1. Any residue in the range 18-44 that is under 13 Å from Asp58 (Cβ atoms) and of a type in the set (Phe, Trp, Tyr) sitting within a Cβ distance under 9 Å of a residue that is in a helix (DSSP H, G or I) and modelled with pLDDT under 95? List the pairs, counting only those 6 or more apart or interchain.
2. Can you confirm whether Thr5 is touching a Phe, Trp or Tyr at 6+ places or on another chain (Cβ under 8 Å), without any contact (Cβ under 8 Å) to a residue 24 or more places away in the chain and either surrounded by 14 or more Cβ atoms within 10 Å (Cβ to Cβ) or of a type in the set (Phe, Trp, Tyr) (or both)?
3. Working only within the range 40-78, note down all residues that are of a type in the set (A, V, I, L, M) and out of contact with any Phe, Trp or Tyr (no Cβ under 8 Å at 6 or more places or on another chain).
4. Could you identify the single residue in Phe16, Phe10 that is among the aromatic types (Phe, Trp, Tyr) and part of a helix (DSSP H, G or I)?
5. Just give me the residues in the range 39-56 being among the charged types (D, E, K, R), surrounded by fewer than 20 Cβ atoms within 10 Å (Cβ to Cβ) and in a helix (DSSP H, G or I), in sequence order.
6. Quick one: is Leu79 assigned to a helix (DSSP H, G or I), aliphatic (A, V, I, L, M) and crowded, with 20+ Cβ neighbours inside 10 Å?
7. For Glu106, only one of the following conditions fails: (1) loosely packed, with under 12 Cβ neighbours inside 10 Å; (2) modelled with pLDDT under 95; (3) assigned to a helix (DSSP H, G or I). What is its number?
8. What single numbered condition from (1) farther than 13 Å from Tyr91 by Cβ; (2) modelled with pLDDT of 95 or more fails to hold for Tyr22?
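The values are calculated or read from the model by the stated rules, or taken from the named source; none is laboratory data. In this text, all values refer to a predicted model and were calculated from it rather than measured experimentally. Neighbour counts run over all protein chains shown; Cβ positions are idealised from the backbone, glycine included.
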Amino acid sequence: MAYATAMDIFRRSRSFTKEERYSLTSQIRRSSRSVAANIAEGYRKRQYPAMFSSKLADADAEATETGVWLDFARDCGYLAPEGHRQFTKAYDEIGRMLHVMIADPEKFAPRGSANAAKPPNRSGL
């Protein structure tokens, strides 16, 4: 979802004015792509819950930054209010998914990893 949303932002940002090429256009593309990239990096490190959570927190921060750039795009007249609502809704959903993963990183550890969630030891040992 993060990758698809970043691609949608890329397509929509093609219509931004050329004077915004090195500022708003560049920033919104970079931050939106960073959401997907940080999720991918975190997923690769999921056997280490703290590292996994850290990368997902970075992804969430980039999603929040993207939201600010989307606000600028709307307020500068480059993005219609409906497009802004669609992107905001997508990033809200991405944020909710990230928070679920951050709250329980062991759930996403690869099977058989030393840090994977294990059933409780009922023998008291």
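1. What qualifies is Tyr43/Phe108.
2. On the way: touching a Phe, Trp or Tyr at 6+ places or on another chain (Cβ under 8 Å): yes; without any contact (Cβ under 8 Å) to a residue 24 or more places away in the chain: no; either surrounded by 14 or more Cβ atoms within 10 Å (Cβ to Cβ) or of a type in the set (Phe, Trp, Tyr) (or both): yes.
No: the conditions fail for Thr5.
3. Step one: filter the range 40-78 for residues of a type in the set (A, V, I, L, M), giving 40, 50-51, 56-57, 59, 61, 63, 68, 70, 73.
Residues satisfying the conditions are Ala40, Ala50, Met51, Leu56, Ala57, Ala59, Ala61, Val68.
4. Testing whether each residue is among the aromatic types (Phe, Trp, Tyr) and part of a helix (DSSP H, G or I) leaves just Phe10.
5. First, pick out the residues of the range 39-56 that are among the charged types (D, E, K, R): 41, 44-46, 55.
Those still in the list that are surrounded by fewer than 20 Cβ atoms within 10 Å (Cβ to Cβ) too: 41, 44-45.
Within the range 39-56, Glu41, Arg44 meet the criteria.
6. Numbers: assigned to a helix (DSSP H, G or I): no; aliphatic (A, V, I, L, M): yes; crowded, with 20+ Cβ neighbours inside 10 Å: yes.
Spelling it out, it is not the case that Leu79 is assigned to a helix (DSSP H, G or I), aliphatic (A, V, I, L, M) and crowded, with 20+ Cβ neighbours inside 10 Å.
7. Here Glu106 meets the rest and fails (1).
8. Unmet condition: (2).
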